[in-house]
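The values are calculated or read from the model by the stated rules, or taken from the named source; none is laboratory data. All of these numbers come straight from a predicted model, not from anything done at the bench. All Cβ positions, glycine included, derive from the backbone under ideal geometry; neighbour counts span all protein chains shown. For the accessible areas, the whole protein counts, side chains as well, though only heavy atoms, and no ligand, DNA or RNA atoms are used. Shrake-Rupley method; radii C 1.70, N 1.55, O 1.52, S 1.80 Å.
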Amino acid sequence: IVALSVLYGAGFAAMGAWLIGKPGQRVPGGLLITLAVGMVPLAVFGIEHMAGMWTNVANGQRDMAAIRQLLMEGSLIAAALTAIRFVRFPFLGLPLAAGVWLASMDLLNLAAGVNGLSFEAQQQFTLGFGALMVAISTIVDRRSKEDFALWGYVFGVSAAWFSLAGLLLVTVNGKPGMPFLGWEAAAWLVWCVANLGLLLVSVLLRRRIFQVYGSLGVIGYLAYLTFSVFANSPFFPLYLIGLGVGVILLGVVYQSYQKKIEEAILAALPQGLRNLLPPARD
């Protein structure tokens, strides 16, 4: 495994370095270098096997699983950072963001000890980590000419979105009713407001990934209202069709006036805040 990983990694790196300097060959060259980065944790995996870290005895040791995975993830992060240092290819942000996200999960398991963390605590940590990853990606987005922030945004908002959904499920489960508003309705309302916030962030940061998740969240809330309010109505199929048609029409209207809507939102912000936003990218 080590020999093959080194052989393939060296081949990918050499071919990528040769291609990336040629006119019109930057993308295939960068992809080959990204593949070379992916060979590094595989080589570490083979070294761990030779060291006995994956034997049956080692599997029974406390924290061994998290430690051996952290070594692989750390090598992936180091390899990606090294490649970015020499090759300014934005797709290298994918293995870097993936390595950071996986390492955060294993660090959490390592810190939790034998008993581990509750599902709610795991979701809280993931939500905070996702928000932190988005914040760091925003800083990178402002300071780099190349789009190295893309995959940080993708992993960050994905982690935050799914963990928020998990937390709302935990909140609803087993809770008594509230005056005027049940826990389930309150949780779904929080979910809707949070996803509307993502739609606003998509305009401020000029990133479609926030728009995708925000739209899915709002559509989910509308579907919840449809199924909870009109579920027993004989006109339920018509309500469902109306929801689908309404979503399509809203998408068409937004697409038609997208530029004007975004300009109006940005114009409403103070100049100092606008200066802190990342630049628009093609």
- Sorted by mean Cβ packing within 10 Å, highest first, what order do the peptides 254-264, 79-89 take? 79-89, 254-264
- Task: Please report the Cα spread of region 181-232 along all three principal axes, rounded to whole Å, starting with the longest.
- Result: 41, 19, 10
- Message: If you fit an axis through the alpha-carbon atoms of helix 2-20 and take the longest principal axis of the Cα set of the chain, what angle between them do you get, 0 to 90°, nearest 10?
- Response: 70 degrees
- One finds the C-alpha centres of region 260-282 and region 16-86 to be spaced, in Å, by 39 Å
- For the Cα atoms of the chain, what angle does the longest principal axis make with the long axis of helix 64-86, in degrees from 0 to 90, nearest 10? 80 degrees
- Message: Keeping all protein chains in place and using 1.4 angstrom, which order do 63, 141 fall into by accessible surface area, from largest down?
- Response: 63, 141
- Helix 93-112: inclination vs the chain longest Cα principal axis, degrees, rounded to 10, gives 80 degrees
- In straight Cα distance, which aspartates and glutamates are under 19 Å from residue 259, not counting same-chain residues fewer than 8 positions off? 282
- Extension gain from residue 263 to residue 110, taking 0.36 nm per residue of separation minus the Cα-Cα distance: 50.4 nm
- Message: Rounded to the nearest angstrom and ordered from largest down, what semi-axes does the equivalent ellipsoid of the chain get from its C-alpha gyration tensor (root of 5λ)?
- Response: 40, 29, 17
